Protein chains: 2
Amino acid sequence: MSFKPTILKLGGSVITDKKKPLTPNLQAIERLANEIAQAKVSSLIVVHGGGSFGHYLAKQYNLTEGYGDPSQVFGFSETHRAMTKLNSLVMEALISHRINAVVVQPSSFMVTKAGRIQSMEKKPLKRMLDMGLVPVLYGDVVLDSEMGFAILSGDQLVSSLALNFAASRIIMGGDVDGLYTKDPKVTKSAKLVRRVTLEELKAQKHDIEGSKVTDVTGGMLGKVRELIPAIEHNIQALLVNATKPQRVYKALRGEKVIGTILDRG
Amino acid sequence: MSFKPTILKLGGSVITDKKKPLTPNLQAIERLANEIAQAKVSSLIVVHGGGSFGHYLAKQYNLTEGYGDPSQVFGFSETHRAMTKLNSLVMEALISHRINAVVVQPSSFMVTKAGRIQSMEKKPLKRMLDMGLVPVLYGDVVLDSEMGFAILSGDQLVSSLALNFAASRIIMGGDVDGLYTKDPKVTKSAKLVRRVTLEELKAQKHDIEGSKVTDVTGGMLGKVRELIPAIEHNIQALLVNATKPQRVYKALRGEKVIGTILDRG
């Protein structure tokens, strides 16, 4: 098989309660697993964020700055362990819907350099896609050749996977409808932008700050900036609100859906 | 840091009830986590078997033969999921004893060819050891370049890791005291052999069949045969009974312990 994979991101703000440490949103996870199963995409990679699992501990042990103190080594263990627990809930839901899901841990097959992906082993993932498996990855603490360790965001991962596995498209499921002219959580007159070109994105024509809750891997601006390399390679990205039922399903099916398209223009 | 790592195998027959599908031996897992924590080994890799988690499902979906039928793809997902559940119990115990443990999934960073390890990405594991983390791996279903997928035994993994990371020694924690002149479960006059050289091992001077319960990755003979490449490279292996308290602790500390030493002679 040689379908070009779709890459679906499930934001940490969607599958967890970002305000409460280590609290999953089980209802959202179950609903999204069902939407993914119903959509029957022929080749799919799922990436999920850490939300209140990863960020909470990463902050507590100050892991964002890399290694500075031996006590952080146990913090690495605990943070990774928390992420595997969240991932386990996602896997349980996907497999209960008979999706051929298989977890692929970023920390097991990639290293970063100063926080950016430096190398990754592509063979296992490539073969999984060929076999019709659905690899599931997540934002993770990883080993870093300069900083000792680093936090790899699900967003950087999405962009890198899209390029390395020649994705057909990216679907980013977040907690807002897409990009707005202003922050919709602050300004009532904010309007959803239905399409943003690469040129506009680079010029930052729109105010794309959106996430008010702390996110150590960056808010909406960071998320969208991470996608630029993929968009430059003509991989279209679609931002949809995954907290609203059927949005992810419609996006996966290629149906008309409320959201923001990012493309090369 | 550049300590040569110790590789510790915890047999599936020790950490699970091999006669009951998907049944962990939580008491053994907890005790072994405590023994590992007390031993304070400076550089350590832990590998555990699948026992009644991996073997049960692998058999049910006939995964040992590789890919033959599309229904097996979901079997791959389910088998891997079962292994991550068993691993999760091991991780929980290790981390509760404040061991800097971090899981490394074989299926995420290696592929096999006809059931034998063909390639592995060493960078993340190498850096983990340098950082003082304790990588924890396990027998896993993996992608195979000839068979589609394959079952990678914890024993093959131990031998390969020992060679690739220049281990100082291997400690194999099983459910028997070591190698016997005859099968101790059948023949009462069977005697424990305290040391077996490579030459003797190759000549199979001793009857080293031992496991009576089905093990799709091979019984004691298979386990010991897997270690030959490491022993040839002068890495000593020690077989101990991990179902008996303090044996693994003593082995890790380098203290005198009941068991069988396998060395180049």
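Considering only residues that are out of contact with any helix residue (DSSP H, G or I) (no Cβ under 7 Å at 6 or more places or on another chain) and open to solvent by less than 10 Å² (accessible area, probe 1.4 Å), look in segment B:111-152 and name the one that is farthest from A:P106 (Cα to Cα).
B:A150
Kindly establish whether B:V46 is among the hydrophobic types (A, V, I, L, M, F, W, C), open to solvent by less than 10 Å² (accessible area, probe 1.4 Å) and touching a residue at least 60 places away in the same chain (Cβ under 8 Å).
Against the criterion (among the hydrophobic types (A, V, I, L, M, F, W, C), open to solvent by less than 10 Å² (accessible area, probe 1.4 Å) and touching a residue at least 60 places away in the same chain (Cβ under 8 Å)), B:V46 qualifies.
Which helices (runs of 4 or more DSSP H) sit wholly inside segment A:39-143 and have at least 2 residues that are over 19 Å from the mean Cα position of the chain (by Cα) and at the interface with chain B (Cβ under 9 Å from one of its Cβ atoms)?
Those helices (runs of 4 or more DSSP H) span A:71-96, A:123-130.
Taking A:S52, is it surrounded by 18 or more Cβ atoms within 10 Å (Cβ to Cβ) and among the hydroxyl-bearing types (S, T, Y)?
Against the criterion (surrounded by 18 or more Cβ atoms within 10 Å (Cβ to Cβ) and among the hydroxyl-bearing types (S, T, Y)), A:S52 qualifies.
Which residues, taken from segment A:81-106, are open to solvent by less than 30 Å² (accessible area, probe 1.4 Å) and without any contact (Cβ under 8 Å) to a residue 12 or more places away in the chain?
A:R81, A:I95
The values are calculated or read from the model by the stated rules, or taken from the named source; none is laboratory data. No experiment lies behind these values; they were computed from the predicted model shown. When we count neighbours, we look across all protein chains shown, and the Cβ atoms used for this are built from the backbone with ideal geometry, even at glycine. Heads up: the accessible areas ignore ligands, DNA and RNA and are worked out on the full protein's heavy atoms, side chains in. Shrake-Rupley method; radii C 1.70, N 1.55, O 1.52, S 1.80 Å.
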